[in-house]
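The values are calculated or read from the model by the stated rules, or taken from the named source; none is laboratory data. Remember, it's a predicted structure, so these values are computed and weren't measured experimentally. Please note: Cβ atoms are built from the backbone with ideal geometry, for glycine as well, and neighbour counts cover all protein chains shown. These accessible areas exclude ligands, DNA and RNA; they are computed on the full protein's heavy atoms, side chains included. Shrake-Rupley method; radii C 1.70, N 1.55, O 1.52, S 1.80 Å.
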Amino acid sequence: MKNGNEMSVNWKAFVNQISHYESFVLTSHIRPDCDALGSELAMAEVLRTVGKQVQIVNAHRTPPALQFLDPAGRIDVLGDSIEPEEVKADCLMVLDTSAWQQLGDMADVVRASKADKMVVDHHVGEDDLGATMYKDYHSEATGHLVIQAADALNVPLTRAIASPAFAAIATDTGWFRFGSVTSETYRVIARLVDAGVVPAEVYGDLYERDTLGRMRLRGRILSRTTAELDGKLVHTYVTKQDFEETGALPNDTEDAINLTMAVGGTEAAVIMIEQVKGGFKLSFRSRCPLDCNAIAQQFNGGGHKAAAGAFVEGSLKEVQDKVLPVVRERLQAALNG
């Protein structure tokens with residue numbers, strides 16, 4: 001595997017590599033969130049500004065709640081608007097993930113492609129994607145790295161670049177309330193606002209357009225939240241039946257785990273979300289020394305110290321019996337350490 005500097009991106013090398021290609025395909029992880037989509041859209045505009053041909057292809061459709069990021073519908077969906085054999089470019093750039101499993105059906109396309117490959121990401125773990133890595137796991141969002149890429153390429157910030165990048169950074173920091181936020185976060189946000197972003201409009205698109213189904217689902221998630229270890233650990237779950245009965249969509253669970261962290265005294269949270277094809281997607285959060293990434297890795301997942309995810313096969317009880325003891329043990333060790 002070809003490595004960049006995981007602590008601080010070598011943007012000079014990035015610029016040099018970009019100069020060798022005329023066409024790019026950008027992709028990101030399945031169940032794309034704002035950081036994935038915003039980073040793709042912002043990077044696409046950056047590359048087009050320097051004269052490159054760019055196409056964005058994802059394995060999953062853009063969630064309805066995030067369609068405002070791509071009003072022109074420029075993101076292609078594999079097997080829907082584009083077939084695998086049609087995905088061709090000089091370079092294939094993966095954003096906001098470094099894991100094969102997270103690429104879904106696009107993983108086969110990446111493996112089969114003879115194009116050079118690049119990764120721009122801020123997550124700690126990584127697989128060997130056969131790509132040049134441009135990673136900084138201290139960055140609060142991949143969207144921030146895209147702005148650094150624009151600076152390195154001497155691309156002025158336009159609203160077309162700034163708006164999706166703002167959404168990426170704002171959501172991956174929990175609207176600037178997570179511990180990953182630094183003074184540099186606010187400096188780059190100020191530049192995005194200067195470029196034309198209106199934060200109130202983005203917030204409205206993100207958080208004030210809920211469907212009744214989404215609200216009902218959140219009610220269920222919160223109503224079954226359980227507290228343990230003197231309230232330091234909270235956990236909850238979502239089943240496929242919940243989606244059917246509330247009329248909610250899978251992406252309506254986005255940010256739900258952060259609602260449980262609002263309970264006073266909570267140090268860590270877990271949410272288990274049943275998937276359509278079975279098994280459960282896990283999300284972990286921590287506001288203490290507990291390392292969520294280490295827990296997620298135990299279940300072949302990954303992420304950050306304060307936020308990470310994984311996937312575990314089995315019924316709800318089987319998953320609970322497998323995951324919760326690990327979280328309890330690690331949380332107690334972290335708090336007593």
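Quick notes on this one:
- Ordering 273, 336, 253 by the projection of their Cα atoms onto the charge dipole of the stretch 222-337, which places +1 on the Cβ of Lys and Arg and -1 on the Cβ of Asp and Glu, puts 336 at the extreme positive end.
- Which of 23, 69, 9, positive extreme of dipole for the stretch 1-104 (C-beta unit charges): 9
- All C-alpha pair distances within the stretch 48-130, sorted into 5 Å bins from zero, spread as 3, 13, 23, 24, 21, 13, 2 percent across the bins.
- Loop-located trypsin sites (Lys or Arg not before Pro) in the stretch 164-230, at most 15 other Cβ atoms within 10 Å (DSSP): 177, 209, 224
- Max mean-square fluctuation residue, GNM over the chain, Cα-Cα springs under 10 Å, options 100, 175, 11: 175
- Alpha-carbon radius of gyration plus Dmax, which is the widest Cα pair, for the stretch 212-336 in Å: 13.6, 43
- Surrounding net charge for residue 261, when Lys and Arg each add one and Asp and Glu each subtract one, Cβ distance under 12 Å: +2
- Counted over all Cα-Cα pairs of the stretch 11-207, pairs farther apart than 20 Å make up 51 percent.
- Average accessible surface for the stretch 212-336: 47 Å² per residue, computed with a 1.4 Å probe over protein heavy atoms with every protein chain in place.
- As a fraction of the 1.4 Å probe accessible area of the chain, surface on carbon and sulfur atoms comes out at 49 percent.
- Listed peptides 141-147, 117-123, 307-313 appear in the order 141-147, 117-123, 307-313 once ranked by packing, highest mean of other Cβ atoms within 10 Å at the front.
- Sum of side-chain charges, residue 65 neighbourhood, beta-carbon under 10 Å (Lys, Arg +1; Asp, Glu -1): -2
- Angstrom value of the Kirkwood radius, inverse mean 1/r, which spans all Cα pairs in the stretch 149-245: 16.4
- Simple point charges give the picture: +1 on the Cβ of Lys and Arg, -1 on the Cβ of Asp and Glu, and for the stretch 11-207 a dipole about the Cα centre of about 420 debye.
- The share of C-alpha pairs in the chain whose separation exceeds 27 Å stands at 44 percent.
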